[in-house]
Structures are given as structure tokens and as C-alpha cells.
1. Work out from phi, with θ = phi - 60° and the Karplus expression 6.51 cos²θ - 1.76 cosθ + 1.60, the ³J(HN,Hα) of each residue of segment 46-61, listed in order in whole Hz, and give x for Gly and Pro.
2. Once segment 134-174 is represented by equal point scatterers at the alpha-carbon sites, with solvent omitted, what log10 I(q)/I(0) does the Debye formula produce at q = 0.15, 0.24, 0.30 Å⁻¹?
3. How large is ³J(HN,Hα) for each residue in segment 221-236, as worked out from phi by the Karplus curve 6.51 cos²θ - 1.76 cosθ + 1.60 (θ = phi - 60°), to whole Hz, x for Gly and Pro?
4. Taking only protein heavy atoms into account and a 1.4 Å probe, give the accessible area per residue of segment 159-214 in Å².
5. At a 1.4 Å probe radius, carbon and sulfur cover how many percent of the accessible area of segment 191-301?
6. Karplus couplings for segment 276-289 from phi (6.51 cos²θ - 1.76 cosθ + 1.60, θ = phi - 60°), rounded to Hz, Gly and Pro as x?
7. Skipping prolines and chain starts, which residues have an amide H placed within reach, meaning under 5 Å, of the one on TRP177, given they are 5 or more residues away or on another chain?
8. Would you kindly calculate the mean projected area, averaged across all directions, of the convex hull enclosing the Cα atoms of segment 191-301, in square nanometres?
Amino acid sequence: MTVSSISATSRYGSQERRRHPRIPAPHISASPFEGDLDVVNLSRRGMFVRSQHPLAVGGTYLFELWQEGNSLVVEGVVRWSRSPEVGREGGPGSPSRYQAGVAFERVRSRERRNPWPTEVVLPPARGRPVDHLAAAREALSEADSIHVAAEGLLDVLEPIFERLVLLRCHKDALRAWMGRGRTLRPLRLQSLELSFSQPSLFLHMREGGSYFRGVLPGMPLHRDLINSWSGSLEQDCVLVPIRIGKRMVTALYADKGEEELTDSDLDLLRRAGRLLEESMSSLILRQKSLSGDHGDSKAQA
């Protein structure tokens, strides 16, 4: 699932991030349940659809796409979903249609005589050599707000880790900001608040402590965090503080499910954290320059 304000493999009310060109697709049909789905457009990484029934955010579906007798079965995860707006879907008397954004996960094998006529390229499979830091640097360089920068970073890290959560510092507590992971519980994340008045690794990091790697100590706030996905304190994980100057503004949580994290994972997360720090600082300075404000204004999130 994805959290985007909160974007848990769900993205709460967030708009579709069109980082890949989309093509109109009225000539392509799709169906997870008896022809109930219309493909509005698609890209190399996903598609925008309308359906008679809502698709569950974070849910994984098998979509059969077909065109002129050729078909392809694609596994996709619903990133966001919107209820229909009355009177906006097709005129008086037309049925309401729910809208959803679907990210392609993988192509399922299927025998077909002719090649699929429309290019559908999926993200690189896990294990294929990819320069994730270069990809993160590119995504952050294109961001025009802190929110977009953070989403871009999670997009790059998502294929590697089972769960990713960004927590944002408020005056007296950390609150969930956005994340990725099919097991994340959006409503629990939305209400998550980790107070700095109680002992935790987050309090330690806010006071200047470095990253953490290992099994979370059995403190109430750590339990509150992992309960957001019904997790276990036996989970190997990494916490990385994200700072502007000396002040922690965000904390990044990452794990790989039952798989143990490696030194390479830790190095990637720490370096990715530094890239986000640089991007956030740059965006704040850019906004101050544009606004002419020399105070403590924050970049648009």
C-alpha cells in the first residue's frame, strides 16, 4: 500500500503524479470484473481508469487488457481512488463512475499469438542492477515542492523495501506523512502521533542522535508505529533522521519484511536521506527567493 499525505500504498486525496507520458486509450478494453472498467489513459508504469464500483486503495488486482483480439494480463496496485462527482461523469442520466490510478506491478504469463500492440514497460524487477541513487537524484532535481520531492524519493526506494514510512515533525510529536507498503493501514497511519514527551528512538534522533538499524526496542511509541501495519518488534528495520541544518524535520522508516537488511540497504537509505535533506533545503531557499521573504517561511509541501 502507499501513504501520500498520507500516501500509504494508498495516496490520500493526492493527485496523480504524471512523471511518465500518458496516451489516451479508448481503444483498449480492460476487465477485473466483467467488463466493468474503462481505461482513460495509460503510461509505461500505470493507467487511469473509471469503474462502476470503487477499487480498494492498496488492493492488488489482475487486469486483462485487450485490443483487437490481443490480450495481456497485468497485476496492478491501486494507488488512489476518487468517488464520482455528481453531474461530472457524462451528463444527465449517465451512470456514476469511480476514478482510480493503478500502478503496474508485473505482467502475468499468458499465451497469445500476436505481440501486444501497445507498449507497456514495467518497473525493473527486484535484483536487476539499478543505480537507485542516480534515480533518486534525478527525481529530486525535478521536484517543485517538498511534498513532490518526498514522493519521488519513495517511488525510487519502493521496489527495494517492503515498507517505507516518512514521519514529519510537528511541535511536540511526529506524525505519519506518507509511505509505501501493501500492509500499511491508512486509517491507523492517519491517526498516528508519536509524542516527543515519551522516550523513543525518535526523541533520541531529534536531540541529535544518528540513524538506527536493528530491532526496535520494546517502547510504547515503537509499538504504536508497527501497529500501523500489524507488525512485530522482531522486525529488522532502519530509521534515518532527515534534518535541515541541525533540526530534524522528518524521519524515514524502512524494512524488507522478513528479510534482513544489509549494509548496502543501510548505505542507500542514509545517502537517500542526505539527498532529501539537500532537496528540501534547496526548495526552501528557492521559495524564499521567489517570495522575497527572509523569515522562517517553509517551502510549499
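The values are calculated or read from the model by the stated rules, or taken from the named source; none is laboratory data. This structure is a prediction, so every number in the text was calculated from the model and none was measured. Every residue, glycine among them, receives a Cβ derived from its backbone with ideal geometry; neighbour counts consider all protein chains shown. Accessible surface is based on the protein model in full, side chains and every heavy atom, while ligands, DNA and RNA are left aside. Shrake-Rupley method; radii C 1.70, N 1.55, O 1.52, S 1.80 Å.
1. x, 8, 9, 10, 10, 9, 6, 10, x, 9, 6, 5, x, x, 9, 10
2. Values returned for q = 0.15, 0.24, 0.30 Å⁻¹ are -0.42, -0.82, -0.99.
3. Couplings: 5, 5, 5, 4, 5, 6, 5, 5, 9, 6, x, 10, 5, 7, 6, 5 Hz.
4. Details: 2720 Å² over 56 residues.
Accessible surface, normalised per residue, equals 49 Å².
5. On the way: 2670 of 5780 Å².
Result for segment 191-301: 46 percent of the exposed heavy-atom area is carbon or sulfur.
6. Values per residue, Gly and Pro as x: 5, 4, 5, 5, 4, 4, 5, 5, 5, 5, 5, 5, 4, 5 Hz.
7. Those lying under 5 Å, H to H, from TRP177 are LEU166, LEU167, ARG168.
8. On the way: hull surface 31.8 nm².
About 8.0 nm², averaged over all directions.
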